[in-house]
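As C-alpha cells, the structure follows; a few thoughts come after it.
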Amino acid sequence: MAKFEKAFPFSKKWLDDRIALSTLERVLATEYWIPKNINFLWAMGMVLAVTFGILLISGIFLLMYYKPDVNMAFDSVNYTIMREVQYGWLWRHMHGVAASVVFLIIYIHMFTGIYYGSYKKGRELIWISGMILFITFSAEAFSGYLLPWGQMSYWAGMVITNLFEGFSKDILNGALNFPGLVEWIRGDYAPGDAMLTRFFMLHVLLMPLIIIGAIVFHFGTLRIPHVNNQDGEEIDFEAESKKYLAGDTKGAKVIRFKWDFLSKDIFVLGVFLTFYFYLVFYHYEFAMDPVNFDPADGLKTPPHIYPEWYFLWSYEILRPFPKDPGLVAFGFAQVIFLLLPFLDRSPVVAPASRRGLFKYWFWILLVDMIVLTVMGKLPPEGIFNTIGTVAAVVFIALWILLPFITMFEKEKKDK
Ligand code: HEM
C-alpha cells in the first residue's frame with residue numbers, strides 16, 4: 001500500500017497523496033503547451049465551454065418550474081417562470097440568449113479552423129469530434145425549441161419529424177422505407193404529449209450527457225497534435241517546451257496554458273460576457289420568436305414557418321428544390337462539413353490567404369452561407385427564391401469542387 005504522510009485534510013499535500021492533484025495540474029495546465037503565435041480567435045473554444053456551462057446552470061433553474069405536459073408547458077414558461085418566479089425571467093433570458101449566441105461562436109470557431117487548416121495532419125479527430133459537437137448542439141437546440149409548446153415549437157416539430165419520413169420513403173427508391181417511422185418518432189400520429197415528453201428527456205438528459213462526453217473527447221483529441229497556429233508552422237513541442245523550462249521563455253515558441261494563455265482566454269471571455277449580458281438585459285427578444293408566444297394550435301398553420309437563425313442556411317438549401325432533390329441537398333449539407341479533412345486534398349497547413357484557389361473557396365463559402373441565412377428568413381417568392389436557389393447550387397458546387405482545387409494546389413506547391 002502507498003505510504004500516506006500525515007497532513008492537514010484537504011491541504012494540497014493531502015490531496016496530492018490521494019489523487020495526485022499536482023501531476024494532474026501539470027499535465028492538463030502548467031505543462032500543456034500552447035504556441036505563441038495565435039490570436040484571440042483561439043479563445044473561442046474556451047468561450048464555448050463557458051457558454052455551455054451557462055446553459056447548464058440556467059437550464060437547471062428553469063427545470064425547477066417547467067412542466068413537460070402539453071396542457072401546462074406553455075403557461076409554466078410564459079406565466080410561471082416569466083411572471084411568478086422571482087428572477088425566473090432572468091434565467092430564461094440567459095438560457096435563450098446563450099442558446100443563440102453559442103451558435104454564433106460555434107460558427108466563428110469552425111470557420112477559424114477552416115481558415116487556418118486546423119483539420120489537417122493529425123488534427124482530423126479534433127475536427128470530427130467538433131462536428132459531433134455541432135450535430136449534438138443542433139439536436140439539443142431543436143429539442144429545447146419544442147419545450148415551450150408555442151406555435152413555432154409545434155410546427156417546427158411537425159416539419160422536422162416529417163423530414164424523416166421524406167428521407168425514408170423517397171430517398172434510394174424507398175430502400176430505407178420504414179412504414180410508421182414518423183409515428184414512432186412522435187409516439188403519436190401528430191405532435192402531442194408523447195412527443196413533448198420524449199424531446200424533454202432528450203433535452204435535459206440524453207443530449208447534455210452526450211455533449212459532455214463529446215467535449216471531453218474534443219479536448220482529448222487536442223492533447224497530442226496540440227493547437228495549430230497562425231502560420232500553420234509545424235512546431236516541435238517537446239524541444240520548445242524544454243527550452244521554455246530551461247529558462248529561455250523568450251526564445252521558446254510555446255507558452256504554458258496556465259496562466260500564460262489562460263489569462264488571455266479570460267480577457268476575451270470578459271469581452272464576450274459583456275456583450276452576452278448586454279443582450280440578456282437589453283435585446284433578449286432577438287433570441288425569441290414572437291410567433292412562439294402563441295400557444296400551440298394544430299389546426300392553425302402559421303403563414304411562414306422558419307427555424308432559428310442558425311439553421312436557416314441549411315433550411316434554405318432544402319427549400320428551393322422540388323421535394324426529393326431538396327431532401328438530398330439538405331442531407332448533403334448536413335454531412336459535408338464532417339468530410340472536410342478528406343475532401344481537402346492539399347497537405348499544406350497555412351492560412352487561406354496563402355493557399356491559392358482555396359482562398360477564394362473559403363470567402364465564397366462564407367458569403368454564400370450568409371446569403372443562404374438571409375434568404376432562409378424571407379418568404380420563398382420572386383427574387384428571393386431565385387437568389388436562394390443560386391446560393392444553394394453554389395454551396396453544393398463549392399464542395400464538389402474542393403477536392404479538385406486543392407489537388408491542383410498540391411501540384412503547384414510541389415513544382
Ligand atoms: C461546442 C463545443 C465546443 C467546445 C467547448 C470546443 C472547445 C475547443 C477548445 C477549448 C479548443 C482549443 C482552443 C481553441 O482553438 O479555441 C478547440 C479547438 C478546436 N476545435 Fe473546438 N470546441 C467546440 C466545438 C467545435 C466545433 C463545432 C468544431 C468544428 C467542427 C470544432 C473544431 C475545432 C478545431 C479544428 C480545433 C483546433 C484549432 C487549432 O488547432 O488551431 N470545435 N475547441
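Every read-out reported here was derived from the displayed coordinates using simple, explicitly stated rules and does not represent laboratory data. All values reported here derive from a predicted model rather than from experimental measurement. Don't worry about glycine lacking a Cβ; one is built from the backbone with ideal geometry, like all the others, and counts go over all protein chains shown.
For the set 300/377; 243/264; 12/264; 67/264, the pairs lying more than 32 angstrom apart at their alpha carbons are 67/264. From its DSSP helices (H runs of at least four residues, each -39,500 (n - 2.57)), the chain gives a residue-normalised ellipticity at 222 nm of -19500 deg cm²/dmol.
Ordering 148, 168, 214 by Cα displacement along the dipole of region 147-215 toward the positive end leaves 214 in first place; charges were set at the Cβ atoms of Lys, Arg (+1) and Asp, Glu (-1). Exposed loop sites here mean GluC sites (Glu not before Pro) with a DSSP loop assignment and at most 12 other beta-carbon atoms within 10 Å; the chain contains its longest site-free run at 6-232.
Exposure proxy shown here: for 135, 54, the number of other Cβ atoms within 10 Å sets the order, fewest to most, as 135, 54.
Counting only Cα atoms, region 306-415 measures 49, 24, 22 Å along its principal axes, largest extent leading.
Magnitude of the charge dipole for region 306-415, about its Cα centre and with charges confined to Cβ atoms of Lys, Arg (+1) and Asp, Glu (-1), is about 460 debye.
If I take every Cα pair under 8 Å that is 6 or more residues apart in the chain, average their sequence separation and divide by the length, what percent do I get for the relative contact order? Please report the intermediate quantities before stating the final value.
Numbers: 470 pairs, mean separation 93.5, N = 415.
Computed over the chain, the figure is 23 percent.
Here the peptides 7-17, 265-275 are ranked by packing, the mean other Cβ count within 10 Å, and the order with the highest first is 265-275, 7-17. Based on alpha carbons, the Rg and Dmax found for the chain are 24.2, 79 Å. When the Cα positions of 126, 61, 8 are compared along the charge dipole of the chain, 8 comes out farthest toward the positive end, with charges on each C-beta of Lys, Arg, Asp and Glu.
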